[in-house]
Amino acid sequence: MSATTALQTPELIAYHIHDGEAPALLPGQGQRPWMNETSERFAYRCLPLSIANCTGWELRLPCRFTAFWNGGPKPDDVKIIPEDDIDLVHRTATGHFGFGTLTFHTGYLFRTSPGWGLLARGAPNSAKHGIAPLDGLIETDWLPFGFTMNWRFTAPGQVTFERDDVFCFIMPVPHLVLDDIRPIIQPLASQPQLKHEYETWAQSRADFIAKLQEKDPAVVAEGWQRHYIQGKKANGELAGVEHISKRKLADFKRV
């Protein structure tokens, strides 16, 4: 735990339910194919995107299959065609809920510290044509059974999931404290210092873009502003709080 982090490090345990092969559990990976394909990989300049990609753990498929949905409401309107180990596919994926929902079994019973749950979703900043992951928040601090990860077809058709595709992304969250948050809206002018910092940033941004369009050599060489990545305000002053520009979560340890 970082010396400057006030929160106590929560516990996260994955109990392997069955014998045999189970989905791999890995720290979130920062790379995305579509981000790699952007001009000069500019998508990685957006630090919130890159950090979100790594803020959690991935569950990866141990098998390959194709799923079909005919548009009907019944569970068996979703068909799964194994293209790998048949028994493993049927243990992993099913059309259990109907209405175009594809259900995955994680193979684990997760346990978190009191007050903490798991947010289960698809891999951040990633998409699959024809089907979308559904989010779930699970009270894993007491639940004595596993949960399923669900995706829903966006239209009748077929999708193929490859071995090692990320089908679930888990992130521990202290969800009980969320109900205690009392959000407010107030004018930025009520905080003069913050308003000044915002206006300084906005002017800096406008000047940078204007010089970039004018092909100013120094600005063109710089390419893009790095205030956020460097944890600095527009005037070059450090933010004064803990800032990260990369994240490296721990691997699950077998005991």
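For region 114-129, the set of residues classified as surrounded by fewer than 16 Cβ atoms within 10 Å (Cβ to Cβ), more than 23 Å from Gln31 (Cβ to Cβ) and either in contact with a Gly (Cβ under 9 Å, 6 or more places away or on another chain) or touching a residue at least 60 places away in the same chain (Cβ under 8 Å) (or both) consists of Gly115 only. Contact map, region 236-251: first residue assigned by TED's automatic domain parsing to the domain that holds Pro27, second residue assigned to a loop (DSSP other than H, G, I, E, B), Cβ cut-off under 9 Å, separation 6 or more or different chains; the map is empty. Number of residues in region 11-43 that are among the hydroxyl-bearing types (Ser, Thr, Tyr) and free of Cβ contacts under 8 Å to residues at least 12 places away in the same chain: the value is 2.
Given the structure, is Gly95 surrounded by 16 or more Cβ atoms within 10 Å (Cβ to Cβ), modelled with pLDDT under 95, assigned by TED's automatic domain parsing to the domain that holds Gly28 and in contact with a helix residue (DSSP H, G or I) (Cβ under 8 Å, 6 or more places away or on another chain)? Here the answer is yes, as Gly95 does meet what is asked.
Just one of the numbered conditions (1) touching a helix residue (DSSP H, G or I) at 6+ places or on another chain (Cβ under 8 Å); (2) at pLDDT below 90; (3) not aliphatic (A, V, I, L, M) is not true of Asp216; which one? With respect to (1) touching a helix residue (DSSP H, G or I) at 6+ places or on another chain (Cβ under 8 Å); (2) at pLDDT below 90; (3) not aliphatic (A, V, I, L, M), Asp216 is out only on (1).
Being within 23 Å of the chain's Cα centre (by Cα) and under 22 Å from Glu162 (Cβ atoms) is true for just one of Ala67, Ala93, Ala43. Which residue is that? Spell out how you get there, then give the answer.
On the way: Ala67 fails: within 23 Å of the chain's Cα centre (by Cα); Ala43 fails: under 22 Å from Glu162 (Cβ atoms).
Result of the check over Ala67, Ala93, Ala43: Ala93.
As a summary of the residue check, Ser190 satisfies the conditions (1) surrounded by fewer than 12 Cβ atoms within 10 Å (Cβ to Cβ); (2) among the hydroxyl-bearing types (Ser, Thr, Tyr); (3) in contact with a helix residue (DSSP H, G or I) (Cβ under 8 Å, 6 or more places away or on another chain) except for the one numbered (3).
Hey, among Leu137, Leu143, Leu102, which residue is assigned to a strand (DSSP E or B) and under 22 Å from Val173 (Cβ atoms)? Residue meeting the stated conditions: Leu137.
The values are calculated or read from the model by the stated rules, or taken from the named source; none is laboratory data. Not measured: the values here are computed from a predicted model. A quick note on method: Cβ atoms are made from the backbone with ideal geometry, for glycine too, and the neighbour counts reach across all protein chains shown.
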